[in-house]
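Report on one structure; see the data block that follows.
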Amino acid sequence: MSRQTNPAEVPLAAFVRRSGALYCEDVPLQELAQRFGTPLYVYSRRAILDAYGQYQRALSGRASLICYAVKANSNLGVLNLLARAGSGFDIVSGGELARVLAAGGAAECTVFSGVGKTEQEIERALRAQIMCFNVESDFELQTISTVAARLRRRAPVSLRVNPQIDPGTHPYIATGLKSSKFGVAYEQAIELYRRAAADPHLEVIGIDCHIGSQIAQAAPFEQAADRLLDLVERLEHQRIGLHHLDFGGGLAIAYRSDGEAPPTIAEWVGAIVRRVDARGHGGKTLLVEPGRSVVGPAGALLMQVIGWKQGAAGAFAVVDAAMNDQMRPALYDAWMDVQPVVARSEPPRGFAIADVVGPICESGDWLARGRMLSVEAGDVLAMLGAGAYGMSMASNYNSRLRAAEVIVDGSQAYCVRRRERVEDLMVGESIVPD
Ligand code: LLP
């Protein structure tokens with residue numbers, strides 16, 4: 001991405017600036033950085049539940065289930081907030097299933113997506129009695145049937161169909177292209193449904209798709225919905241009836257405040273619902289699997305400036321967070337909003353254009369590039385819109401300790417994950433004998 005300067009400092013809704021200082025709900029971020037240390041992920045309870053509530057309102061009056069995509073942010077505290085609000089879950093691994101259950105989530109409101117479920121994961125999910133397997137291949141259908149037969153159960157299945165639509169997002173997060181590894185090929189879907197319907201160990205209950213993430217227009221979702229509904233109608237002709245329609249997740253959030261205007265949650269859900277109703281399928285249960293739009297705007301990553309240095313070609317603010325804490329810039333060249341937590345009214349050195357970089361030994365370790373900044377060592381910066389795919393993609397690269405996580409509720413802040421300690425780094429490792 002080209003070098004750009006910071007747009008107007010308009011924070012996202014969970015974070016507001018009061019007299020120059022950024023707050024999460026009623027707590028100054030500076031205070032949180034001091035109390036819990038940095039790097040620190042901070043989430044607003046109110047913002048998470050607000051977003052969830054928008055989904056609920058958009059779907060009210062019809063049979064529906066919101067299955068929050070756990071991968072976006074899998075902290076137990078976050079999952080528990082959503083479980084208590086009545087959310088279902090979309091999982092992609094046995095680990096995520098364990099998290100949902102530990103957080104008080106309901107297995108019967110959980111769908112299991114992913115292209116490579118192992119036999120062990122399938123067995124665990126069957127025993128937990130999840131709502132549905134979102135099946136992505138013929139081999140998976142076969143494995144699920146075999147495991148279900150062994151356990152003397154009937155496995156509820158939906159086929160994740162690849163609708164072959166270009167959602168116009170980053171290629172790494174476009175999942176419904178003809179060339180994608182995801183879902184069953186559109187042309188094979190009917191045949192696989194026939195096979196599933198004839199299998200005594202499987203119960204066909206739905207159809208699903210997920211065309212990608214950070215999709216900023218409604219049109220690709222509408223096209224995908226139509227493609228899915230075409231199949232539903234062909235299946236109904238063959239007397240294969242479906243109980244639910246799952247349109248996945250993928251709604252974009254506005255990472256920038258200067259002109260990015262993705263559909264709102266209500267507009268996105270409304271667009272899908274209109275297609276479903278227009279084609280006479282309004283009686284079916286509707287599922288969505290939103291991740292980013294629920295937790296993204298609700299989170300920030302706080303980091304402290306370790307030092308400022310002038311390179312031959314530009315300046316760097318070196319911070320104590322890095323690509324191991326937040327991979328999106330390195331992985332997708334993503335633009336993330338980085339702002340000083342306390343704005344300086346009279347900058348000591350004036351403003352300069354700088355890159356915000358971490359301590360990791362990779363040139364890809366940058367968090368923001370070409371930003372107009374005025375910071376000193378010790379200043380705290382906040383990366384906004386970082387609640388989704390931040391901590392959940394964090395690693396220990398360079399043997400760095402993973403950040404702590406905090407949920408703010410009004411004027412209270414709760415640590416929902418303590419900062420890692422050096423001892424945690426080597427858990428499970430050992431040396432070979434002489
Ligand atoms: N359902 C399925 C089957 C998915 O694979 C995903 C995300 C979702 C739902 C939720 O999508 P969302 O509403 O969050 O867009 N790490 C990337 C995003 C990867 C998305 C993977 N799948 C990023 O940071 O942009």
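The values are calculated or read from the model by the stated rules, or taken from the named source; none is laboratory data. In this text the structure is predicted, and so the values were computed from the model without any measurement. A quick note on method: Cβ atoms are made from the backbone with ideal geometry, for glycine too, and the neighbour counts reach across all protein chains shown. For accessibility, only protein heavy atoms count, side chains too; no ligands or nucleic acids. Shrake-Rupley method; radii C 1.70, N 1.55, O 1.52, S 1.80 Å.
Over 23 Å, how big is the tail of the calculated P(r) for the stretch 317-409, in percent of all Cα pairs? Pairs farther apart than 23 Å: 24 percent. Note on the chain: GNM, Cα springs under 10 Å; of 164, 54, 120, the largest mean-square fluctuation is that of 120.
Provide the FRET efficiency to the nearest 0.05 for the residue 150-residue 260 pair, computing r from the beta carbons and using R0 = 41 Å. The calculated FRET efficiency here is 0.25. The mean of 1/r over all pairs of different alpha-carbon atoms in the stretch 113-172, once inverted, gives a Kirkwood hydrodynamic radius of 12.5 Å.
Applying 0.36 nm per residue to the separation of residue 50 and residue 233 and subtracting their alpha-carbon distance, the gain on full extension is 62.3 nm. Highest mean packing comes first when the peptides 337-343, 324-330 are listed by Cβ atoms within 10 Å, giving 324-330, 337-343.
In the chain, Rg over Rh equals 1.00, where Rg is the alpha-carbon radius of gyration and Rh the Kirkwood radius from pairwise Cα distances. Of the residues 293, 113, 179, the one that moves most in a GNM of the chain with alpha-carbon contacts below 10 Å is 179. With the charge dipole of the stretch 311-434 set up from +1 on Lys and Arg Cβ and -1 on Asp and Glu Cβ about the Cα centre, the Cα lying farthest toward the positive end among the listed residues 374, 356, 345 is that of 345. Helix 219-237 axis versus longest C-alpha principal axis of the chain: approximately 20°, rounded to the nearest ten. With all projection directions averaged, the alpha carbon convex hull of the stretch 61-181 covers 8.5 nm². About its Cα centre, the chain has a charge dipole of approximately 560 debye under the convention of +1 per Lys or Arg Cβ and -1 per Asp or Glu Cβ, with nothing else charged. The ratio of the alpha-carbon radius of gyration of the stretch 153-235 to the globular-protein estimate 2.2 N^0.38 Å is 1.15.
In this structure, the amide hydrogen of residue 204, modeled 1.01 Å from its nitrogen in the peptide plane, lies closer than 5 angstrom to those of 157, counting only residues at least 5 positions away or on a different chain.
Residues whose amide H comes within less than 5 Å of that of residue 17, counting only those at least five positions distant or on another chain, are 23 (H built at 1.01 Å from N in the peptide plane). Applying 0.36 nm per residue to the separation of residue 16 and residue 185 and subtracting their alpha-carbon distance, the gain on full extension is 56.3 nm. Here the stretch 156-302 is treated as a Stokes sphere of Kirkwood radius computed over C-alpha pairs; at 10 °C and 1.306 mPa s its diffusion coefficient rounds to 99 µm²/s. Roughly to the nearest percent, how much of the accessible area of the chain is carbon and sulfur, given a 1.4 Å probe? That fraction is 50 percent. Each helix, a run of at least 4 DSSP H residues, gives -39500 (n - 2.57); summed and divided by the residues of the chain, these come to -8000 deg cm²/dmol at 222 nm. Helix 119-128 axis versus longest C-alpha principal axis of the chain: approximately 80°, rounded to the nearest ten.
Shape index of the stretch 242-313: Rg/Rh, with Rg the Cα radius of gyration and Rh the Kirkwood radius from the inverse mean 1/r over Cα pairs, equals 1.25. In order along the stretch 139-152, the phi-based Karplus estimate (6.51 cos²θ - 1.76 cosθ + 1.60, θ = phi - 60°) of 3J(HN,Hα) comes to 5, 5, 4, 5, 4, 4, 4, 5, 5, 4, 4, 4, 8, 6 Hz; Gly and Pro are listed as x.
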